[in-house]
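The values are calculated or read from the model by the stated rules, or taken from the named source; none is laboratory data. Because the structure is predicted, anything quoted here is derived from the model rather than measured. Glycine gets a Cβ as well: all are built from the backbone with ideal geometry, and neighbour counts include every protein chain shown. For accessibility, only protein heavy atoms count, side chains too; no ligands or nucleic acids. Shrake-Rupley method; radii C 1.70, N 1.55, O 1.52, S 1.80 Å.
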Amino acid sequence: MLKIMHRLINNTGKYKGRIRASYITAFFKGIMMKVPLILCFFCISWFMQGQMDKKKCLYLGLAVIASVLLEALFEHLSNILQSAAGYMVFADMRLRLGDHLRKLPMGYFTEGNIGKISSVLSTDMVFIEENCMGVLSELVTFIISQGIMTVMMFVMDVRLGLLALIIVMVFIVVGNLMLRTSEKHSIIKQEVSESLTEEVLDFAEGISIIKSYNMLGEKSKRLTDEFDKSCKESINFEIAYSPWSMALYLTFGIGTSLVLAMCAYLYNTGEISDIYMVGMSLFLFDMFASIKGYYSQMARLTVTNASLDRIEEVFKAKELKAEGKNELVSASEIGTGSVEIAYDNVSFAYTDKDVLKNVSFEVKQGGMTALVGPSGGGKSTIASLLARFWDVKSGRILVRGEDIRNVSLGCLMDQISMVFQRVYLFQDTVYNNITIGRPDATKEEVEEAAKRARCYDFIMQFPDGFDTVIGEGGASLSGGEKQRISIARCILKDSPIVILDEATASVDADNEWAIQEAISELCKDKTLLVIAHRLKTIKDADQILVVSNGEIVESGDHSSLMNMGGIYARMVSLQAS
Ligand code: ADP
């Protein structure tokens, strides 16, 4: 128990002091809980000895009221100190987790960890903050109460005290065996819950594909299997847990009966008086209630252990090399025509196999560099390394002469806008989706960006204009509309470098025209890195790099590459025909 408490407290950061203070209030609450019982005992004993008078009666009444009020006060203080701190601890922890996730390489999110992140955020953290933080001080209360009861037994009669102590020991043995079982199963239960979350997410995200390929039966079978597994594991947990829980109840019943039998025996032999016998019957059913309550609560805390393991596992995922503190010189300081981006002997691998091999090239400020080549050659990878979605394996990437690993992520991302083929819009208003890149923009600036991105007109046709809430992932908009809103986002952000994954590949002719215009607006006076799929759009690029098998195999402008008669020339003639 101490280990789990210690672990929980270690995770409470700056609220450690508050949580520890709550143990003191819990300690006093434990004492106050037993005071009315003790007073009752005195009351009965005075009555039986004929010593009760009005004054004593009044004092006893006042003392009972005072103890009940104090108990309520200590309970309240415990709650404020601990449960409230629990919520604050987890609010902080979620923010820290967000910051940590931001620094992880993209690979972490594509390697099946989304289910883990979801269940850490939605199950583990919620479980601990709602169920466990408030339990900590309660455990202290239980220990104190049980201690007081056992001491009282010794005060009454040493033999009774010893019997109570033995029964407490039996509780400890049975309780610990129960906790061990519960701990083992809670780890499995959490794992099953994680894979269930993953399956549900996968099903929900792929629902359109599932429907269109009529895979509802097949996919929902996998989902049903996961539900079955989760159900079976919960039943297994109950089957393994309930004998121990029953044993705990039996210990309680048998222990209480043994104490009663011993009292009756001692009373019969005249070794304890009437008063003690009455007092004992008063305490009897409260005698082991605290230790029983303690183990029932502890069972919850074992789940905490497994939850903390999973939270820590996400926190342990290796971040990209610590972001540097350097700032970049501003784009205007280096001037048009000088080198803005340089790839210097860059190699990279997602797993073991090298995807990029010794890639070197330079991009001049205000110029356009196009990456072309067969699919799977490494074009997108080259672009993602610039935004530090991953870090290079060897070599370096420089922006205005500074290795991007030495620059703070915030500063780097201020310099870069990215337009992807697959646009993601958040379930929020159109307005907020546009201002993501610059939350401090004025309404006029947002409207101006929307006009330049050719999306103002269709936004104004929505019933709530810019305040219209977009469905999750942009579900309520057409592909072209989503694309133009994402371009408005970049125009508003106005960063000097634009990475463009040729965005018109999957839209209709009307939208293509509007998107081309929006892109021309976005790219004015910018340094451009374009991943090109259709070669006619990059004819005027200052530099065209042909990427194949992770290497730059040809480079030059359109006419020099055409004269070369290599891969590029073949691609152009193929597309033309
Ligand atoms: P292109 O943009 O030229 O089509 P990519 O850069 O997307 O090429 O891919 C280059 C290679 O890297 C391909 O073999 C692809 O399968 C692999 N690859 C791309 N993304 C990942 C990833 N997240 N994890 C592992 N391999 C990847």
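List of remarks:
- Gain in span if fully extended, GLU362 to CYS231, counting 0.36 nm per residue against the direct Cα distance: 41.4 nm
- Exceeding the 32 Å Cα-Cα cut-off - candidates LYS3/LYS34; LYS184/LYS321; LYS3/LYS29; LYS325/LYS393; LYS379/LYS524: LYS184/LYS321
- Summed residue charge, Cβ within 11 Å of CYS263's Cβ, Lys/Arg positive, Asp/Glu negative: -1
- Diffusion coefficient of the chain by Stokes-Einstein, Kirkwood radius over Cα pairs, 4 °C, 1.567 mPa s: 44 µm²/s.
- C-alpha long axis of helix 133-156 to longest principal axis of the chain, angle in °: 20
- Basic side chains Lys and Arg get +1 at the Cβ, acidic Asp and Glu get -1 at the Cβ, and with that the dipole of the chain about its Cα centre reaches some 1660 debye.
- If R0 is taken as 41 Å, the Cβ-Cβ distance between ASN131 and ILE166 corresponds to a FRET efficiency of 0.80.
- In this label model, GLU444 and ARG94 are separated by 3.7 nm, measuring between points 7 Å along each Cα→Cβ vector.
- Straightening the chain between VAL155 and MET106 buys 11.0 nm, computed as 0.36 nm per residue apart minus the Cα-Cα spacing.
- With eigenvalues of the C-alpha gyration tensor scaled by 5 and rooted, segment 214-323, Å: 52, 22, 8
- GLU319 paired with SER118, simple spin-label distance in nm, labels 7 Å along Cα-to-beta-carbon: 2.7
- Rg and Dmax of segment 2-315, Cα atoms only, in Å: 25.6, 89
- Cα point-scatterer Debye curve for segment 334-468, base-10 log of I(q)/I(0) at q = 0.16, 0.17, 0.19 Å⁻¹: -0.96, -1.02, -1.13
- Counting 0.36 nm for each residue step from SER548 to GLU327 and taking away their Cα separation leaves a gain of 76.2 nm.
- With Cα atoms, 0 to 90° folded angle of helix 567-576 axis to the chain main axis: 80
- Dimensionless Rg ratio for segment 123-243, taking C-alpha atoms and the 2.2 N^0.38 Å reference: 1.71
- Of the peptides 351-358, 164-171, the order by per-residue mean of other Cβ atoms within 10 Å, starting with the highest, comes out as 164-171, 351-358.
- For LEU425, the amide hydrogen comes within under 5 Å of the amide hydrogens of GLY473, GLY474, counting only partners 5 or more places away or on other chains and with H modelled in the peptide plane.
- Mean separation of Cα contacts under 8 Å (6+ apart) over length of the chain, as relative contact order %: 13
- Taking the Cα centre of segment 2-315 as reference, the dipole from Cβ charges on Lys and Arg (+1) and Asp and Glu (-1) amounts to some 760 debye.
- Stokes-Einstein D in µm²/s, Kirkwood radius over Cα pairs - segment 276-332 at 25 °C with 0.890 mPa s viscosity: 143
- Solvent-accessible surface of segment 1-120, averaged per residue with a 1.4 angstrom probe and all protein chains in place: 54 square angstrom.
- DSSP bridge orientation in the chain - percent antiparallel, rounded to nearest 5: 55
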